[in-house]
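Student: The following block contains the structure, expressed as structure tokens.
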Ligand SMILES: Nc1nc2c(ncn2[C@@H]2O[C@H](COP(=O)(O)OP(=O)(O)OP(=O)(O)O)[C@@H](O)[C@H]2O)c(=O)[nH]1
Ligand SMILES: [Mg+2]
């Protein structure tokens, strides 16, 4: 099964070469492509990717000049991928590429959504302060109870699925939703999910794009998905 690995980037010129080198090592011998979905980064991340692409044609840069954002970048990457399987991974090496073959195996063994998970034996986070740990725990519990999502790490940004399944739900996704996995899991209603543990390390280089605004963005996404999920039930019980 051909695997397309998509990484959304904004100002990751310092990390992207290292990420691609790690991916090339892990995926060597298999059928794969690496697609860097870059929002026309001022630090010229996309130029760096184009240079690597001249050496390895399996590597491509998708240079985006409108509709900036992490969600839309992932959706555009998945849409222009040519693999039967698509995976999303951060560019700052916080997501360990070494578990990709295991994730692909899970997909080939019948899972339809494979999520790299921090919150199961073998996984974890490093260098997180009390506030971030508590915040992540609260947001995770909220997603599980409000949306009934059976994932231990619904806020993960590292996951894999079949491209066909993605195309089936693409038009219903709100790509502005803060966490694209949550959006996908809520719309796709996966039959068999699989979780693979990994340790979320510290960012390699560069700056985080996290801000306080994201907590609000996350909570409003949860609330919208919750109301969408309830709507058909309310209508059918009324009728
Ligand atoms: N294309 C695109 N990529 C983005 C955007 N914002 C963030 N990213 C990428 O999304 C990935 C995750 O962003 P990070 O800033 O690392 O967020 P995080 O991992 O939750 O936060 P840290 O732990 O502080 O690194 C990285 O590869 C970023 O470059 C965006 O607006 N557009
Ligand atoms: Mg990061």
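Read the figures in this text as sums done on the coordinates, not as results from a lab. Since we're looking at a predicted model, the values are computed, not measured. In this analysis, Cβ positions are derived from the backbone assuming ideal geometry, glycine residues included, and neighbour counts consider all displayed protein chains.
Student: For residue 84 and residue 223 in the same chain, what is the full-extension length gain: residue separation times 0.36 nm, less their Cα-Cα distance, in nm?
Tutor: Gain in length upon complete extension: 46.8 nm.
Student: In addition: Give me the extension gain from residue 215 to residue 167: residue separation times 0.36 nm, minus the current Cα-Cα distance, reported in nm with one decimal.
Tutor: Contour length minus Cα-Cα distance gives 14.4 nm.
Student: Where does helix 70-80 land angle-wise versus the long Cα axis of the chain, in degrees 0 to 90, nearest 10?
Tutor: 70 degrees
Student: List the extent of the Cα atoms of the range 113-193 along each of their three principal axes, largest first, rounded to whole Å.
Tutor: Result for the range 113-193: principal-axis Cα extents of 39, 25, 20 Å.
Student: Moving to a separate point now. Give, in whole angstrom and from largest to smallest, the semi-axes √(5λ) of the equivalent ellipsoid of the chain, with λ running over the eigenvalues of the Cα gyration tensor.
Tutor: Semi-axis lengths for the chain are 28, 20, 18 Å.
Student: Rounded to the nearest 0.05, what FRET efficiency is calculated for residue 40 and residue 145 with R0 set to 45 Å and r the Cβ-Cβ distance?
Tutor: Between residue 40 and residue 145 the formula returns 0.70.
Student: Relative to the longest principal axis of the C-alpha atoms of the chain, give the angle of the C-alpha long axis of helix 45-55, reported between 0 and 90° and rounded to the nearest 10°.
Tutor: So the inclination is approximately 60 degrees.
Student: Please compute the modelled spin-label separation between residue 231 and residue 25, points set 7 Å along Cα→Cβ, answer in nm with one decimal.
Tutor: Taking the simple label geometry, residue 25 and residue 231 are separated by 4.7 nm.
Student: Report the label-to-label distance for residue 50 and residue 14 in nanometres (one decimal), using points 7 Å from each Cα along the Cα→Cβ vector.
Tutor: A separation of 2.4 nm, rounded to one decimal place.
Student: Which three extents, in whole angstrom, do the alpha-carbon atoms of the range 1-126 cover along their principal axes, largest first?
Tutor: 39, 32, 26
Student: If you don't mind, another one. Restricting to the chain, compute how many DSSP beta bridges are antiparallel as a %, nearest 5.
Tutor: Just about 25 percent of them are antiparallel.
Student: Place a point 7 Å from the Cα of residue 1 along the Cα-to-Cβ direction; which residues of the range 188-203 have their backbone N under 14 Å from it?
Tutor: Under cut-off, by backbone N: 191-196.
Student: Moving on to the next point. Would you give the gap between the C-alpha center of the range 93-132 and the C-alpha center of the range 31-86, rounded to a whole Å?
Tutor: Between the Cα centres of the range 93-132 and the range 31-86 lies a distance of 22 Å.
Student: While we're looking at this one, here's another question. Fewest to most neighbouring Cβ within 10 Å: what's the order for 139, 88?
Tutor: 139, 88
Student: Also, I was wondering about something else. Defining a contact as two alpha carbons under 8 Å apart and six or more residues distant in sequence, what relative contact order in percent does the range 6-101 show?
Tutor: It comes to 41 percent, rounded to a whole number.
Student: Now a separate question. Write down the percent of antiparallel bridges among all DSSP beta bridges whose residues are both part of the range 31-165, to the nearest 5.
Tutor: In the range 31-165, DSSP labels about 60 percent of beta bridges as antiparallel.
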